[in-house]
Every structure is written in C-alpha cells, then in structure tokens.
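The structure appears right after this line, and notes come after that.
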Amino acid sequence: MLHVLVIYDISDDRIRTKVADMCLNYGLDRVQNSAFVGQLPRGLQEELMLRIEKLLGSETGIVQLIAVNPKDWANRIEVCNA
C-alpha cells in the first residue's frame, strides 16, 4: 500500500462535504480541513479520484492526490496548538 496525501480546494460547500466524507470512507485520516492522509493501494487511489471527478462535475475546484514516502512523512515537522 502507498501512503497518500489528498488535498482539495472546492468552492461548493455540499460537494466539499461529500469529498471529505468520501475520503473518510476510504479510510483516510483528516489532518486539516481540506487535507487527508492514509494508505491506499493504487487501484483504490484511482477509484477515489474517479469518484471525486464525477462528483465535482463542472463545479470549480481542484483535488490532488499525492503519493508520500512513509519515511518522509514520519520525518515531517509540525507545529500544532490544539
């Protein structure tokens, strides 16, 4: 399985919520409002992006799925006040 980062900027609230729900349904973890991380095999990555593309339709927005090296992710630097 590959580690992935999914980030998006979608103007329509309804579609943005559905994309977030879809990411959660695929087992990804939310790390920011419009960012999810997790592990997905290549086939599920493609399936997720096709479903998101269909959902987005002609609405304005961008969704990116980026493969992340697990070693790089483990060595990330983070500042968090929660």
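Please treat every number below as a calculation from the coordinates, not as lab data. No experiment lies behind these values; they were computed from the predicted model shown. Cβ atoms come from the backbone with ideal geometry, glycine included; neighbour counts cover every protein chain shown.
Quick look at the numbers
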item: √(5λ) per eigenvalue of the Cα gyration tensor, the range 2-74, largest first, Å; result: 21, 13, 10
item: Cα long-axis angle, helix 13-25 against the chain (0 to 90 degrees, to the nearest 10); result: 50 degrees
item: Projected label distance in nm at Leu2 and Asn75, using a 7 Å step from Cα toward the beta-carbon; result: 2.1 nm
item: Sum of -39500 (n - 2.57) over DSSP H runs of 4+, divided by residues of the chain (222 nm, nearest 500); result: -12000 deg cm²/dmol
item: Global size of the range 35-82 as Cα Rg and Dmax, reported in angstrom; result: 14.1, 38
item: Principal-axis tilt of helix 42-56 within the chain, Cα atoms, nearest 10 degrees; result: 40 degrees
item: Along the chain, longest interval not containing exposed GluC sites (Glu not before Pro), exposed being DSSP loop plus at most 16 other Cβ atoms within 10 Å; result: 1-58
item: In nm, spacing of pseudo-spin labels at Glu53 and Lys18 (7 Å Cα→C-beta vector); result: 1.7 nm
